[in-house]
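> This is the structure I want to talk about, given as structure tokens.
The values are calculated or read from the model by the stated rules, or taken from the named source; none is laboratory data. Small disclaimer: the values here were computed from a predicted structure and weren't measured. Positions of Cβ are backbone-derived with ideal geometry, glycine not excepted, and every protein chain shown enters the neighbour counts.
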Amino acid sequence: MKRIVMIFPLSFLLISGLFAQRPDISKYSQMKDQWTGTDEQKIWGLMTIWSEAKYNFPYFDRIPDVDWDSKAREYIPRVINTGNIEDYYDVLMEFAALLKDGHTAVSPPWMYVRPGYDHPPVELKVIEDKFVVVRVGNTDEMKTQRIYPGLEILEMGDSITMREYLRENVLRFYSHGTTQADESIGLIRIFSGPQNSKIALKVKDPDGTVRNVTLTRNSLEKDGSSFQWQWVRWFMFDPVVETRMIRPDIWYVRISNFGSQNVVDKFNKVFDSLDLKTIDGIILDIRYNSGGSSSFAYNIVSSFTDGPLLASKWKSLSYIPAYRSWGQPTGWIESNPSLIEPGTGTRYAGPLVVLTGPGTFSAAEDFLVPLKYSKRALLVGEKTAGSTGNPINVTLPAGGIFRVVSKRDVFPDGKEFVGIGIIPDLEVKVTQQDIIDKSDPVLIKGIDVIKNWGKYKN
């Protein structure tokens, strides 16, 4: 099977919930000429990943089948035998992906810009265990090839199933820790490859007709704009806060990320202008919120409470060499739950629904913890990605980066959600028919919950 290396540019790093910790790219770009390809350099990069994970990664209990020391020894000849920097970073990415965590990965030196790469204007979602088209761009090719929302993609290339292609070409290099995150985040770049190259696909229409199509890796739409997946579009191009009245008495607000104070300021500006006396309920949509900083998320939470709320707590590894000499296990440093005080500005204490999904990631999950734990809001939709934490960033040969999560976050009572996902109070899954009908069952259920708050709240 021919493997196409998946490249994740700047947009991927931004939407991965690492906006607040994003490294300064200037110093890494200056290091690109330092690649020598010597055995010593190759081994040094591998050992950097091994050592940083060994003493910082807090989830080895989640991967009992991975003997980290043995794996490092196994990968030494593999990195030595690589012929160029591209192959070398393939092996490093694969090594880091063994840890299966959404905040732990290797990014190669070209992580911010990969010239000459593109994708067709098609967005997929795994629905009912099918790879279903949910959005397409406005191009002649989409029309002539009859690519439309609701179409199922069966195979790529040489009769490779979509699930196999995803596993071998994406998840082998970037594993996100949960199935739902792999099937959400991983799909973003599944069609990526050399610009204007062709992709052969086998597709299935809703009536059962199976046919072959060929798409071009060119994301430009008729108006000259570049087609972006929902996550990327919400984070980088659409307004960070979008609001509307979906009924005269229900306010809907979509928050795309918690990446800056600007998000909080824009939310407060709109929130302060509301006449809350006329509002029977508020729906917060964070289904594609990729995170940012929990401090900004908590600032918005403070607008929805009249009393203090407990947020997540964490623990981090504490290594004491003397304990190791005595055969004692590595210890932990643990925090108390964070405390969110009521905001000083406008506050709302009425019915509150939050829409969630597998694209709810990182600080967006931190945002949910106090609301769910206190039962302040009802969560409607699908299980979240199940990944948050504070990564350590270290440099690799020629300017690559290894980031490894450094703390283990849990609910205030110790309940785990990283590697699992936060389960909504009311689970609503989108069907293939919903996509065909252009229906949003999650939002519909959220409206129903607000209208019948007493029933659902009790």
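> Name the residue that is farthest from N257 (Cα to Cα), counting only residues in the range 300-344 that are part of a helix (DSSP H, G or I) and among the polar types (S, T, N, Q). Before the answer, list the steps.
Filtering the range 300-344 for residues part of a helix (DSSP H, G or I) gives 300-304, 321-325.
This time we only want the ones that are among the polar types (S, T, N, Q), so: 302-303, 325.
Details: S302: 17, S303: 17, S325: 45 Å.
Among them, the one singled out is S325.
> Name the single residue, out of those in the range 165-213 being of a type in the set (A, V, I, L, M) and assigned to a strand (DSSP E or B), that is surrounded by the fewest Cβ atoms within 10 Å (Cβ to Cβ).
Pass one, the range 165-213, residues of a type in the set (A, V, I, L, M): 166, 170-171, 181, 185, 187-188, 190, 199-201, 203, 210, 213.
With assigned to a strand (DSSP E or B) added as a condition, the list becomes 199-201, 203, 210, 213.
Numbers: I199: 18, A200: 14, L201: 23, V203: 19, V210: 11, V213: 16.
Filtering the range 165-213 for residues that are of a type in the set (A, V, I, L, M) and assigned to a strand (DSSP E or B), the one surrounded by the fewest Cβ atoms within 10 Å (Cβ to Cβ) comes out as V210.
> Working only within the range 321-360, note down all residues that are over 27 Å from the mean Cα position of the chain (by Cα) and farther than 30 Å from S406 by Cα.
T344, G345, T346, R347, Y348, A349, G350, P351
> Please determine whether any residue of the range 152-163 is within 30 Å of R403 (Cα to Cα) and over 15 Å from the mean Cα position of the chain (by Cα).
Our first condition is that a residue be within 30 Å of R403 (Cα to Cα); within the range 152-163, this holds for 162-163.
Those left that are additionally over 15 Å from the mean Cα position of the chain (by Cα): 162-163.
Yes, that holds for at least one residue.
> So, restricting to helices (runs of 4 or more DSSP H) that lie completely within the range 60-157, which ones have at least 1 residues that are among the β-branched types (V, I, T) and in the same structural domain as Y174 (by TED's automatic domain parsing)? Outline the logic, then answer.
Numbers: elements: 68-80, 85-97, 140-144.
Result: 140-144.
> In the range 249-299, how many residues are touching a residue at least 24 places away in the same chain (Cβ under 8 Å) and in a loop (DSSP other than H, G, I, E, B)?
15
> Test V394 against the stated conditions and say whether it is β-branched (V, I, T) and buried (at least 21 other Cβ atoms within 10 Å of the Cβ). Spell out the reasoning first.
On the way: β-branched (V, I, T): yes; buried (at least 21 other Cβ atoms within 10 Å of the Cβ): no.
No, not satisfied.
> Working only within the range 283-309, note down all residues that are under 20 Å from P239 (Cα atoms) and charged (D, E, K, R).
Passing the criteria: D285, R287.
> Here's a follow-up. Quick one: what pairs do we get from the range 149-175, first residue of a type in the set (V, I, T), second part of a helix (DSSP H, G or I), C-beta under 6 Å, 6+ apart or different chains?
I153/M162; V170/G186
> Does S256 qualify as being farther than 23 Å from S374 by Cβ, within 24 Å of the chain's Cα centre (by Cα), surrounded by fewer than 17 Cβ atoms within 10 Å (Cβ to Cβ) and not assigned by TED's automatic domain parsing to the domain that holds I185? Break it down into steps so the answer makes sense when it comes.
Numbers: farther than 23 Å from S374 by Cβ: yes; within 24 Å of the chain's Cα centre (by Cα): yes; surrounded by fewer than 17 Cβ atoms within 10 Å (Cβ to Cβ): no; not assigned by TED's automatic domain parsing to the domain that holds I185: yes.
For S256, the condition - farther than 23 Å from S374 by Cβ, within 24 Å of the chain's Cα centre (by Cα), surrounded by fewer than 17 Cβ atoms within 10 Å (Cβ to Cβ) and not assigned by TED's automatic domain parsing to the domain that holds I185 - is not met.
> List pairs: first in the range 70-94 and more than 16 Å from T36 (Cβ to Cβ), second of a type in the set (F, W, Y) and modelled with pLDDT under 95, Cβ under 9 Å, 6+ apart or cross-chain?
D90/F173; M93/F173; M93/Y174; E94/F173
> Within the range 83-104, restricting attention to residues that are touching a strand residue (DSSP E or B) at 6+ places or on another chain (Cβ under 6 Å) and not acidic (D, E), which residue is surrounded by the most Cβ atoms within 10 Å (Cβ to Cβ)? Break it down into steps so the answer makes sense when it comes.
Quick first cut of the range 83-104, residues touching a strand residue (DSSP E or B) at 6+ places or on another chain (Cβ under 6 Å) only: 92-93, 96, 101, 103-104.
Okay, now just the ones that are also not acidic (D, E), so 92-93, 96, 103-104.
On the way: L92: 27, M93: 23, A96: 24, H103: 26, T104: 29.
Within the range 83-104, the match that is surrounded by the most Cβ atoms within 10 Å (Cβ to Cβ) is T104.
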